[in-house]
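J.: The structure that follows is given in the form of structure tokens.
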Amino acid sequence: MGRVSQAQAQENRRQVVAAAARLFRERGVQAVSVADLMAEAGLTHGGFYRQFASKEALLTEATVQAFADLAALLTEFDAKRPGDHDAARKDLIDYYLSTEHRDDLGQGCPTTGLSSDIAGEDIGGSARAAYADGVGLFAQWLSTDGNEDLATLSMLVGALTLARATAGSDLSEQILAAAHEALARYGRNP
């Protein structure tokens, strides 16, 4: 079997990173094997170690990719409401606290989806730094006054985490509704 071109190798790497960003959010880092990743990307298991030094190195790239996906989503919300960031922010909050988002683990918010893995003791600084950068950008986007809005971010992430953990029960939808109501009550989602 011949060597792949540099362009094909880059595309293969992109596919693996995209698959990792999705699967890590969906299942957690420890539950995803190298074989799972490569199968999801449509590649053979042996190609992994030619592209990544370790699963942790891939986690860093997957974290960056997951937050790039989130940034693209935030841009879409802004594009739907040109010149009205407050309306875009409200739309995002409505989506974020929806059952649709709760149930879409693989494409859902990396702030929630990767938090447990990033908090793990065996995760290195590069993945944690990529996560912190992504969280900071999300908090900045949520801002209404140019400062990070950590209170809104914390409520969104906490509510989504609890709603996912209780999915299938009435409590899950009650958590989403309560967070939505609290954000409206405190002027965070007018």
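Computed from the coordinates by the stated procedures, all read-outs in this text should not be read as laboratory data. Small disclaimer: the values here were computed from a predicted structure and weren't measured. Quick reminder, even Gly has a Cβ in these numbers, built from the backbone with ideal geometry, and neighbours come from all protein chains shown.
J.: Can you give the extra length, in nm with one decimal, that the chain gains between residue 95 and residue 54 once fully stretched, where that is 0.36 nm per residue apart less the Cα-Cα distance?
T.: Values: separation 41, 0.36 × 41 = 14.76 nm, distance 3.48 nm.
Stretched fully, the residue 95-residue 54 segment lengthens by 11.3 nm.
J.: Cα atoms only: what Rg and Dmax, in Å, come out for the stretch 81-128?
T.: 14.6, 43
J.: How large is ³J(HN,Hα) for each residue in the stretch 157-171, as worked out from phi by the Karplus curve 6.51 cos²θ - 1.76 cosθ + 1.60 (θ = phi - 60°), to whole Hz, x for Gly and Pro?
T.: 5, x, 5, 5, 4, 5, 5, 5, 5, 10, 3, x, 10, 4, 4
J.: Additional query: Relative contact order (percent) for the chain, with alpha-carbon contacts under 8 angstrom and 6 or more residues of separation? If you can, show how the numbers build up before the last one.
T.: Numbers: 189 pairs, mean separation 40.5, N = 190.
About 21 percent, as a whole number.
J.: Here's another thing I want to ask about it. Output the 0 to 90 degree angle, nearest 10, between the alpha-carbon long axis of helix 125-142 and the longest principal axis computed from the alpha carbons of the chain.
T.: Between the helix axis and the principal axis of the chain, the angle is about 30 degrees.
J.: Counting only helical runs of four or more DSSP H residues, what would the 222 nm mean residue ellipticity of the chain come to if each run contributes -39,500 (n - 2.57) and the total is spread over all its residues? Each step should come with its number before you reach the end.
T.: Working: 11 runs with 136 residues, N = 190.
Only helices count here, giving -22500 deg cm²/dmol.
J.: Follow-up question, since we're still on this one. Name the long-range amide H neighbours of residue 52: under 5 Å, sequence gap of 5 or more, or other chain; modelled H, no Pro or chain starts.
T.: none
J.: Ok, one more. What number comes out for the charge environment of residue 25, summing +1 per Lys or Arg and -1 per Asp or Glu over other residues with Cβ under 12 Å away? Present the calculation step by step, with values, prior to reporting the outcome.
T.: Working: positive: 22, 27, 164; negative: 26, 69, 104, 117.
Result for the neighbourhood of residue 25: -1.
J.: Give me the base-10 log of I(q)/I(0) for the stretch 54-185 at each q in 0.12, 0.20 Å⁻¹, Debye formula, one uniform scatterer per Cα, rounded to two decimals.
T.: -0.47, -1.22
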